[in-house]
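**Q** Right, I'll just put the structure down here and ask away after.
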Amino acid sequence: MPLPKHYSPQEAEPRLLAQWQRSGIYHFDPASPAPVYSIDTPPPTVSGHLHLGHVYSYSHADFIARFQRMNGRNVFYPMGYDDNGLPTERLVEKRLGLTAAQIGRSAFIEKCLQVSEEAEGDYQTLWQRLGLSIDWRYTYRTIDERSRRACQLSFIDLQRRGLAYRRQAPAIWCPECRTSIAQAELNDLERPSEFTTLAFRLEDGAPLPIATTRPELLPACVAVFVHPDDPRYRGLVGRRAAVPLFGQSVPILADPGADPEKGSGAVMCCTFGDTADVAWWYAHHLPQVEAIRRDGRMTSAAGPYAGLTTSEARRQIVQALAQAGLILAQQTIQQSVRVHERCDTPVEYIPVRQWFIRLLDFKPELLRAGEQVRWHPEHMLARYQAWVENLNWDWCLSRQRTYGVPFPVWYCARCGAVILADEDQLPVDPTESQPAHPCACGSTEFTPELDIFDTWATSSLSPQIVGQQLDDPALYAKVFPFSLRPQAHEIIRTWAFYTIVKSHHHSGQTPWQDALISGWGLAGEGSGKISKSRGGGPMPPLEMIERYSADAVRYWAASAGPGRDAVISEEKIQAGARLVTKLWNVARFSQRFLEGYTPPQTPPALSPADRWLLASLQALVRRVTSLFQEYDYASARSESEDFFWRVLADNYLEMAKQRLYDEAHPQREGARYALYHSLLALLKLFAPLLPYITETIYQGLFVADRATRQEPLGRPYPDESIHTSAWPVPDPRLDDERAQALGETLVQIATAVRRYKSEHNLPLGTELSRLQLSAGDAHQADALAAAIPDLTSVCRVQLVEIQHIPDAEPLELQIRIEP
């Protein structure tokens, strides 16, 4: 069927999408003997609308999936949705203006399920329209039955093996979200703070200056620390000091953790202001005073400041200290504050009984596991290693929220023993069910665990969940370890790390062979990451796709390589749209010469331009194949595009036009042969990046009458889709370094002629009467003479004369125009 004059992405892309879905060309075949390439696709968190930053990173995995599929791999490319836990709760609270406390736990969970299901439908619409080659039959939700069962069984296994434990301990606490969080969920936020130097009093009444940014923690001060080698305070160790305003007497202790260069060199220890306080509390067996409640307000220990928020208490306490003459100095400083990544709320450290997974005992093993993964780019391994090396806490699993996967745990009302659910009870909600057997003490009265799992406790099992380890062991054996984990760089410390932890603890294996790390899609220069929950971005993805095409948006997504951020650039998307249009125009030009054409097994007589094109094509295929194998899709796009514009469109087609149009020309068949192979190979090299336009052209030019035609090297067409056709393979018969060098010379000549016309204000289509070339090399002169038909066509000249001048430079280009 002839290609229409104009290509309409708005018509073609939905039509092809429906065609792909009907035909199942992206389906994984469990019975296939082909080598498996499995992808542990990141399940997007259901916390708001997807934006172009997601389009950027999710396109990268699809580039690789399509490349591997065309290389004969049986690609397992599923999709998941991370729709349990705090992010989804906050989305529901924001969207519906409701909380669990207002409508009850069960009703709130139903709202969460409803909102997340609606959001996931929107997500799937975008992914499909973008052209992700997902096998949607393998879709999971981290709140579905399989995921809940896997998460609970993982916990039971770890608890039985002593790798999960429960204790009362200072926990990183978000007062806004009212839950404990893990170290991996912290960000650092720079902000101005008041550094206030206070007058503590020694027993003899002498002042002891101590600087702090958190005077509201004075009621929880339990000690003062100095460095053991600080000569200023060596005589004070073992004595006591009175806390200003609140009056309690606390010991002065020595510890290397006290920094002599910070403030006065003496520091107060409060329970708890930061991790240093926690470490000192453990090491020195200090008492504990809780000054801050879980809602971020002061406790009764703060006396007249009880019930105030920490910021208001800080203001009033500073005011009272000033009135009492207890402030020695104040200065404004830039302070790095630990905040919850979800809401940017400064965290507190509050004692809570929590469940933990052991990490600190396994640092060497986890470092070795990270080294077994091939990271793309390589330096992302250093980010993983730095995170593991700097871990200070075991993984806190407990979350004091409503919506998520429940712990499969009860506590005996009589003896307090932990009762785990039986495996055949899973998934279980302990608030709705009872243990299957009495406690060992004989009691049948139990208290359910009300906390839920951290959402990473489920998504860290994504290989086991989507691989259906519990339900289909044969499938799991085929896909695990997974070939690829694609993900963003900011969640190396969470998703990548926790997945490696779970895999190590459960099976001692590394969960994947390669990790492809994406950067962020940024709203503008100097801006940060766009957020689903907080909004941002220049235009909704579907709107951008409808305006310019999915291929154009994917073109932008391929603009920066692994690990690199990319500014969302409408200009680059427009460049992608121009490439799509140019591909279409070249295909339409080629159509009249390729319709019904069957290339011979042996190349026909080729002109120098034909040999240049085909030799350069073999080098391009090798290069682009290597780049995709190394996950460098950005360079693959750049080199393919450069070849298309500079070699094929701008120069070769102009060299071959006269031969192509002249059906009697003795070298016409060479031009058809070269055009056929180069256009087909280029479409395939572009196919992982631009799936819609390449499919449209492929089906229009290369699929018709496929039963009687063969692909290069004699392979029959396997399918009507370019995406299941074979990746190009270099043909050694066409390698020719001399032809490549000569072709570049022809381009130099054509460029010089175009420059001449431009400088003389002549249209590029102006026909010159004569082109004279002087070559100082006899072989070069002969080669140029053989290329006269190519030069006549590309330069629009009536006569080309070649002279060999022994004493001349290797190539002298002279242009003479006769009236």
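**Q** Looking at the stretch 186-224 only, could you name the residues that are open to solvent by less than 10 Å² (accessible area, probe 1.4 Å) and modelled with pLDDT under 90?
**A** Once the filter is applied, which keeps residues that are open to solvent by less than 10 Å² (accessible area, probe 1.4 Å) and modelled with pLDDT under 90, the stretch 186-224 yields only Leu186.
**Q** Return a yes/no flag: does the stretch 583-591 have any residue that is open to solvent by less than 10 Å² (accessible area, probe 1.4 Å), hydrophobic (A, V, I, L, M, F, W, C), in contact (Cβ under 8 Å) with a residue 24 or more places away in the chain and not in a helix (DSSP H, G or I).
**A** no
**Q** Are any of the residues in the stretch 242-252 small (Gly, Ala, Ser), open to solvent by less than 40 Å² (accessible area, probe 1.4 Å) and in a loop (DSSP other than H, G, I, E, B)?
**A** no
**Q** Here's another thing I want to ask about it. Within the set of pairs 6 or more residues apart or between chains, which connect a residue that is within 23 Å of Val352 (Cα to Cα) and in a strand (DSSP E or B) inside the stretch 182-198 to a residue that is at pLDDT 85 or above and open to solvent by 60 Å² or more (accessible area, probe 1.4 Å) with Cβ atoms less than 6 Å apart?
**A** Hits for this filter: Leu186/Arg338.
**Q** Right, next: Using beta carbons and a limit of 8 Å, which pairs, at least six apart or on different chains, have the first residue in the stretch 598-609 and open to solvent by less than 40 Å² (accessible area, probe 1.4 Å) and the second one polar (S, T, N, Q)?
**A** Cβ pairs passing all conditions: Leu606/Gln667; Ser607/Gln667.
**Q** Give the stretch 255-273 a look and list any residue that's under 15 Å from Ala211 (Cα atoms) and assigned to a loop (DSSP other than H, G, I, E, B), or say none.
**A** If the condition is that a residue be under 15 Å from Ala211 (Cα atoms) and assigned to a loop (DSSP other than H, G, I, E, B), then Ala258, Asp259, Pro260, Glu261, Lys262, Gly263, Ser264, Gly265, Ala266, Gly273 are the ones that fit.
**Q** Oh, and also: Going by what's in this entry, would Val621 be described as out of contact with any Asp or Glu (no Cβ under 7 Å at 6 or more places or on another chain) and buried (at least 17 other Cβ atoms within 10 Å of the Cβ)?
**A** Yes, satisfied.
**Q** Let me ask another. Could you look through the stretch 489-515, keep only residues that are aliphatic (A, V, I, L, M) and modelled with pLDDT of 95 or more, and pick out the one that is farthest from the chain's Cα centre (by Cα)?
**A** Val501
**Q** A further question follows. For Gly265, state whether it is open to solvent by less than 20 Å² (accessible area, probe 1.4 Å) and more than 27 Å from Pro304 (Cβ to Cβ).
**A** yes
**Q** May I ask you to list the residues in the stretch 537-563 that are touching a Gly at 6+ places or on another chain (Cβ under 9 Å), modelled with pLDDT under 95 and surrounded by fewer than 20 Cβ atoms within 10 Å (Cβ to Cβ)?
**A** Pro538
**Q** Oh, and also: Mind checking which residues of the stretch 113-132 are touching a helix residue (DSSP H, G or I) at 6+ places or on another chain (Cβ under 8 Å) and part of a helix (DSSP H, G or I)?
**A** Hits for the stretch 113-132 are Val115, Ser116, Ala119, Thr125, Leu126, Trp127, Gln128, Arg129, Leu130.
**Q** Scan the stretch 753-775 residue by residue and report those that are crowded, with 16+ Cβ neighbours inside 10 Å and either in contact (Cβ under 8 Å) with a residue 24 or more places away in the chain or touching a Cys at 6+ places or on another chain (Cβ under 7 Å) (or both).
**A** Within the stretch 753-775, Val753, Tyr756, Leu768, Leu771, Leu773, Ser774, Ala775 qualify.
**Q** Sticking with this structure for a sec: I need a count of the residues in the stretch 100-141 that are modelled with pLDDT under 90, within 21 Å of the chain's Cα centre (by Cα) and open to solvent by 50 Å² or more (accessible area, probe 1.4 Å).
**A** 0
**Q** Of all residues being over 39 Å from the mean Cα position of the chain (by Cα) and of a type in the set (Ser, Thr, Tyr) in the stretch 268-306, which is surrounded by the fewest Cβ atoms within 10 Å (Cβ to Cβ)? Just the residue, please.
**A** Ser300
**Q** Of the residues Trp410, Trp395, which is under 31 Å from the mean Cα position of the chain (by Cα), of a type outside the set (Lys, Arg) and over 16 Å from Leu153 (Cβ atoms)?
**A** Trp395
**Q** If a residue counts only when it is open to solvent by 10 Å² or more (accessible area, probe 1.4 Å) and within 23 Å of Ile357 (Cβ to Cβ), which strands (runs of 3 or more DSSP E) contained entirely in the stretch 368-467 have at least 1 such residues?
**A** Because the criterion is at least 1 residues that are open to solvent by 10 Å² or more (accessible area, probe 1.4 Å) and within 23 Å of Ile357 (Cβ to Cβ), the strands (runs of 3 or more DSSP E) in the stretch 368-467 that meet it are 409-412, 418-420, 446-448.
**Q** Applying the selection to the stretch 624-641, what residues are β-branched (Val, Ile, Thr) and open to solvent by less than 10 Å² (accessible area, probe 1.4 Å)?
**A** Val624
The values are calculated or read from the model by the stated rules, or taken from the named source; none is laboratory data. The structure displayed is predicted, hence computed values, not measured ones. Positions of Cβ are backbone-derived with ideal geometry, glycine not excepted, and every protein chain shown enters the neighbour counts. The accessibility values were calculated without ligands, DNA or RNA, using every heavy atom of the protein model including side chains. Shrake-Rupley method; radii C 1.70, N 1.55, O 1.52, S 1.80 Å.
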